[in-house]
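Some notes on the structure that comes next.
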Amino acid sequence: MGNPVPGSLAAIVAALGHGLPMLISQVVFCALLLAVGVAIYSRLTPFREREMVAGGNAAAGTVLAGAILALAIPLAAMLATSGTLLDIAVWGVAALILQLLTLGIVALSMRNFRGMIEDGNIAAAITLAGAQIAVALLNAAAMVPN
């Protein structure tokens, strides 16, 4: 019995049998890395986004959503270009460091940034989320091999 004809049901099942376990392991690894990255980011920020979100603070929700997206974008880029778990881990850590630096730069450039977020200032939150997503996009683009 030879190789299945490309496009046939047998070929599709064979491809799934080979690729699906790898896909599942990469997605689970990225989800865990994202969760750990968000947890570390949340612990190191000067405010407690999760508590403020639970209290209805939309600015904190915007900041947290920006951080989640900004950490996920480079992970997605690594999945698309490399797929090795080591590459994903290394660039995931780099993304976390860049996001913490972005937070620090935005916080330093705006007086009383912590107070603005705690007071629900959406404009300040959007500024941080925009900066985080911009840095994440640049980071992801820099990872793509030439």
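Just a few scattered comments:
- Yes/no for Ala67 being in contact (Cβ under 8 Å) with a residue 40 or more places away in the chain and closer than 20 Å to Thr127 by Cβ: yes
- The residue of segment 26-46 that is nearest to the chain's Cα centre (by Cα), among those that are assigned to a helix (DSSP H, G or I) and β-branched (Val, Ile, Thr), is Val38.
- Subset of segment 81-107 that is of a type in the set (S, T, N, Q) and farther than 13 Å from Val144 by Cβ - its residue that is nearest to the chain's Cα centre (by Cα): Gln99
- Failed condition for Ala11, given (1) under 19 Å from Gln132 (Cβ atoms); (2) surrounded by 11 or more Cβ atoms within 10 Å (Cβ to Cβ): (1)
- Per the listing Met116, Met78, the residue uniquely over 13 Å from the mean Cα position of the chain (by Cα) and either within 27 Å of Pro21 (Cα to Cα) or touching a residue at least 12 places away in the same chain (Cβ under 8 Å) (or both) is Met116.
- Close pairs from segment 120-146: first touching a residue at least 40 places away in the same chain (Cβ under 8 Å) and assigned to a loop (DSSP other than H, G, I, E, B), partner buried (at least 19 other Cβ atoms within 10 Å of the Cβ) and of a type in the set (S, T, N, Q), Cβ under 8 Å, at least 6 apart: Gly120/Asn57
- Test: residue in segment 49-70 that is of a type in the set (Asp, Glu), outside any helix (DSSP H, G or I) and either surrounded by fewer than 19 Cβ atoms within 10 Å (Cβ to Cβ) or in contact with a Lys or Arg (Cβ under 7 Å, 6 or more places away or on another chain) (or both): no
Bear in mind that the values in this text are calculations on the coordinates, not laboratory data. What you see is a predicted model; the values in this text were computed from it and never measured. For neighbour counting, all protein chains shown are included, and Cβ atoms are generated from backbone atoms with ideal geometry for every residue, glycine included.
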